[in-house]
Amino acid sequence: MKADKMIVFAGSASKKLTAGICEHLDVSPGRNESFHFSEGNTFVRVLENVRGRRVYIVQSTVFSANDTFMELLFWIDALKRASAESVTAVIPYFSYGKGDKKDEPRVSIRARVCADAIEAAGADRVVTMDLHAPQIQGFFRIPVDNLYALPALCDRILEEHLNNLIVVSPDTGFAKQARKYASRLKTSVAIADKERIAHDEKAVVLEIIGNVENKTALIVDDFTISGNTLVEVANGLMNRGAKDVYAMVAHGVFNNSAMEKIDGSPIKRLFITDSVENQPVEFSDKIEIVTVSHLFAQAIKSIHYRESISAMFEE
C-alpha cells in the first residue's frame, strides 16, 4: 500500500531541527501554532487537515522540561482528536530518561510515568535518540526506536584527522557504548572511574583505567548539564599525560555555569548535536554543533514507508 505524503510538525522546542528534517525529506513543516499564557498554561492548534494521515511531531522535552513535555502531550492529543491515523512522537532529547530506576526509598520512576503519559495521550510510536538508559524502551507498550548520534559525531571527528586517538568513557556505565565509538573510529578505549555521591551533578574522578600518555583523548557521553564530569575527566587525563583532550556528547543540556567551566578546562573542542536547540546560555567558542537531522529524517522515512529501520543500528 502506498503511503500518503508525510506531515511533520514542529513543537516549540524543536523548530530548527524539524526544518532540517523536513529539508532532508523534501517536505514543508506542517502548519501549527502554540501559545504559552502568562499564568503558565499552554495552548496548541493544528492548522492542517490530518484526517486519516500518519503524522510526526518533533519535540525535545527540555528548557523547561515540564512545559515542553506537557506541550508534547497536547500535540499528540490534538492530532489524535483531529483523526490522524497514527501519531509518532519524535523526541530528540527525552529529559526524564535520567529517572529510569528507583535507586533510593520513596522516589518516583519518572521515565516510566512519562512513558505512561505519552501512551495515554495517544502516541502510536516513539522515536528518540541516545536514551540515558536503553531499557527505558521497555517502559512503553508501543514501539520505540532509540537512535544514536554516534554516526554523525564520529564522522565529524574523523574530519579532524587526530593522531594517536583514544576514546574515553567518563564512567563504567557508558563503557559499552564507548566501545562502539572506538570500534567506529578504529581505536582503543580508556575508562574513567568516577564517583557521584549526591544530586548536585558533581562527580569525582578516582582513576583512569587505560594508558592515555601522549595520546589525543576523546571523551564520549550521552549528555552533559553542568560540564563537571567532562572537566573532571579532562583534568584527570591531562594529569596522566594525555596530549590533547576533545569531547563529544549526544545532548548538550547546559546550565548557566557550564560554559565558564568548559572554557577554563583543557578540552579543546566539545562536539554536541542539535537535539537541544532552545538553550538558555550563549555557547563558548569551544562548542561545535553537529546536526542529526538526517538521522531523524531517515528514521521517519523508513517508518512512513514501512521499510526496515534496523540498518540504522548496525555497528
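The values are calculated or read from the model by the stated rules, or taken from the named source; none is laboratory data. Just so it is clear, the model here is predicted, and its values are computed rather than measured. Glycine also receives a Cβ, built like all others from the backbone with ideal geometry; neighbour counts cover every protein chain displayed.
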**Asked** So how many residues does the range 155-176 have that are modelled with pLDDT of 95 or more and either closer than 27 Å to Asn255 by Cβ or acidic (Asp, Glu) (or both)?
**Response** 8
**Prompt:** Do we find a residue being assigned to a helix (DSSP H, G or I), within 26 Å of Lys16 (Cα to Cα), free of Cβ contacts under 8 Å to residues at least 40 places away in the same chain and not aromatic (Phe, Trp, Tyr) anywhere in the range 53-66?
**Reply:** yes
**Prompt:** For the range 174-194, how many residues meet the condition of being within 17 Å of Ala149 (Cβ to Cβ), crowded, with 16+ Cβ neighbours inside 10 Å and over 18 Å from the mean Cα position of the chain (by Cα)?
**Reply:** 4
**Request:** Mind counting the residues in the range 92-122 that are in contact (Cβ under 8 Å) with a residue 24 or more places away in the chain and of a type in the set (D, E, K, R)?
**Result:** 4
**Message:** Condition first: in contact (Cβ under 8 Å) with a residue 40 or more places away in the chain, more than 19 Å from Leu162 (Cα to Cα) and not β-branched (Val, Ile, Thr). Now tell me which residues in the range 268-297 satisfy that.
**Reply:** Asp274, Ser275, Glu277, Asn278, Gln279, Pro280, Ser293, His294, Leu295, Phe296, Ala297
**Message:** Given the condition over 17 Å from Thr172 (Cα atoms), of a type in the set (A, V, I, L, M), part of a strand (DSSP E or B) and at pLDDT 95 or above, answer yes or no: does some residue in the range 229-245 qualify?
**Reply:** yes
**Residue list for the range 135-150, filter: closer than 15 Å to Gln177 by Cβ, of a type outside the set (Phe, Trp, Tyr), touching a residue at least 24 places away in the same chain (Cβ under 8 Å) and not in a helix (DSSP H, G or I)** = Leu147, Ala149
**Message:** Being of a type in the set (Asp, Glu) and farther than 29 Å from Val290 by Cα is the filter here; which residues of the range 56-115 pass it?
**Reply:** Asp77, Glu85, Asp103, Glu104
**Request:** May I ask you to verify whether Ser302 is among the polar types (S, T, N, Q), out of contact with any Pro (no Cβ under 8 Å at 6 or more places or on another chain) and without any contact (Cβ under 8 Å) to a residue 60 or more places away in the chain?
**Result:** yes
**Asked** Can Asp130 be described as more than 30 Å from Ala82 (Cβ to Cβ), without any contact (Cβ under 8 Å) to a residue 60 or more places away in the chain and acidic (Asp, Glu)?
**Response** no
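Quick grid of which residues meet (1) more than 14 Å from Val126 (Cβ to Cβ); (2) modelled with pLDDT of 95 or more; (3) assigned by TED's automatic domain parsing to the domain that holds Val90:
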position	(1), (2), (3)
His36	yes, no, yes
Gly40	yes, no, yes
Val44	yes, yes, yes
Arg51	yes, yes, yes
Ile57	no, yes, yes
Ser60	no, yes, yes
Leu72	no, yes, yes
Ile76	no, yes, yes
**Request:** Sort out which residues of the range 76-105 are in contact with a Lys or Arg (Cβ under 8 Å, 6 or more places away or on another chain) and within 18 Å of Phe296 (Cβ to Cβ), and write them in order of number.
**Result:** Ser86, Val87, Thr88, Ala89
